[in-house]
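The values are calculated or read from the model by the stated rules, or taken from the named source; none is laboratory data. Keep in mind that what you see is a predicted model, and the values were worked out from it rather than measured. Neighbour counts run over all protein chains shown; Cβ positions are idealised from the backbone, glycine included.
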Amino acid sequence: MELVVIRHGQTRANAEGRYLGALDMPLNDEGGRQMSALALALALGREAPFARLLSSPLLRARQSAELVSRALALPVQVIPAFRERHVGLFEGLTQGEARERYPALWARNITRRWREAPPGGESLDAVIARVSQGLTELAHEHEGERVLLVAHGVVAKVIRALTGAGFADFFEWQLHNGGRLVAKLDPARPYCHRPTGQD
């Protein structure tokens, strides 16, 4: 199957460079414009139609998906496996604020450790396991279909890494708000964790 991943439109936290994670913030005006333009482009596109429209349960993704839903006349199906990473006590902070308030955690580069997370948050390994399971289920349930998923920045990073790009540039690669990633899913292939031995 072909999975087209869209990162939700911009929020105020995105515009201010804040960790958003599990905070349930709506789109801002720019985010609405981004997604309306993308929805129109998808509706007018000459590619094969989408069979399904999926979304993360978080508000910014659902609002983005609803704009696409109207343009494509597809219902939105919410899939919890594709929610954004929870970054614990860093949520709502800029990087500068996080560094100032939690210098010891910041010095350990805690958000970029695979097995650890900021207190109250989710490790990258946990996110990868969750998204892996979601991909495996999609590959089996929607074999041969073209599926659209509205999700988040870290989720897109994980999907890209698991479907062929690998983890070498995981922290450098970014999908901008309203950006698209195309991935191929094979039901015969297990979408499992990152390579062991990395930390």
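Just to check your reading of the model, which residue among G21, G31 is part of a loop (DSSP other than H, G, I, E, B) and either surrounded by fewer than 19 Cβ atoms within 10 Å (Cβ to Cβ) or not acidic (D, E) (or both)?
Step by step, each of G21, G31 is checked, and only G21 is part of a loop (DSSP other than H, G, I, E, B) and either surrounded by fewer than 19 Cβ atoms within 10 Å (Cβ to Cβ) or not acidic (D, E) (or both).
In segment 53-75, which residues are crowded, with 19+ Cβ neighbours inside 10 Å and under 26 Å from S132 (Cβ atoms)?
The answer is L53, L54, S55, S56, L58, R60, A61, R62, S64, A65, V68.
List the number of the failed condition for I6; all other conditions in (1) assigned to a loop (DSSP other than H, G, I, E, B); (2) touching a strand residue (DSSP E or B) at 6+ places or on another chain (Cβ under 6 Å) hold.
For I6, the exception is condition (1).
Which of (1) modelled with pLDDT of 95 or more; (2) buried (at least 17 other Cβ atoms within 10 Å of the Cβ); (3) hydrophobic (A, V, I, L, M, F, W, C); (4) within 22 Å of F170 (Cβ to Cβ) does A139 not meet, given it meets every other one?
Looking at each condition in turn, A139 falls short on (1).
Do you know which residues across segment 165-185 are touching a residue at least 40 places away in the same chain (Cβ under 8 Å), surrounded by fewer than 19 Cβ atoms within 10 Å (Cβ to Cβ) and of a type outside the set (A, V, I, L, M, F, W, C)?
H176, G179, R180, K184
Quick check on segment 73-90: of everything there that is more than 16 Å from the chain's Cα centre (by Cα) and part of a loop (DSSP other than H, G, I, E, B), which residue is nearest to A43 (Cα to Cα)?
Taking the candidates together, the pick is A73.
Every residue in segment 95-139 that is outside any helix (DSSP H, G or I), closer than 28 Å to Y191 by Cα and free of Cβ contacts under 8 Å to residues at least 12 places away in the same chain, please.
Those that are outside any helix (DSSP H, G or I), closer than 28 Å to Y191 by Cα and free of Cβ contacts under 8 Å to residues at least 12 places away in the same chain: N109, E116, S123.
It is to be established whether one or more residues within segment 30-52 are hydroxyl-bearing (S, T, Y) and farther than 18 Å from R146 by Cα. Give the derivation first.
Of the residues in segment 30-52, the ones hydroxyl-bearing (S, T, Y) are 36.
Checking which are farther than 18 Å from R146 by Cα leaves us with 36.
So far as segment 30-52 goes, yes, one or more of its residues are hydroxyl-bearing (S, T, Y) and farther than 18 Å from R146 by Cα.
Go through (1) closer than 28 Å to D125 by Cα; (2) free of Cβ contacts under 8 Å to residues at least 60 places away in the same chain; (3) part of a helix (DSSP H, G or I); (4) in contact with a helix residue (DSSP H, G or I) (Cβ under 9 Å, 6 or more places away or on another chain) for A65 and report which single condition fails.
Condition (2) is where A65 drops out.
Go through the residues of segment 79-97 one by one and say whether even a single one is in contact with a Ser or Thr (Cβ under 6 Å, 6 or more places away or on another chain), of a type in the set (D, E, K, R) and either within 26 Å of G144 (Cβ to Cβ) or surrounded by 19 or more Cβ atoms within 10 Å (Cβ to Cβ) (or both).
Yes, because at least one residue in segment 79-97 is in contact with a Ser or Thr (Cβ under 6 Å, 6 or more places away or on another chain), of a type in the set (D, E, K, R) and either within 26 Å of G144 (Cβ to Cβ) or surrounded by 19 or more Cβ atoms within 10 Å (Cβ to Cβ) (or both).
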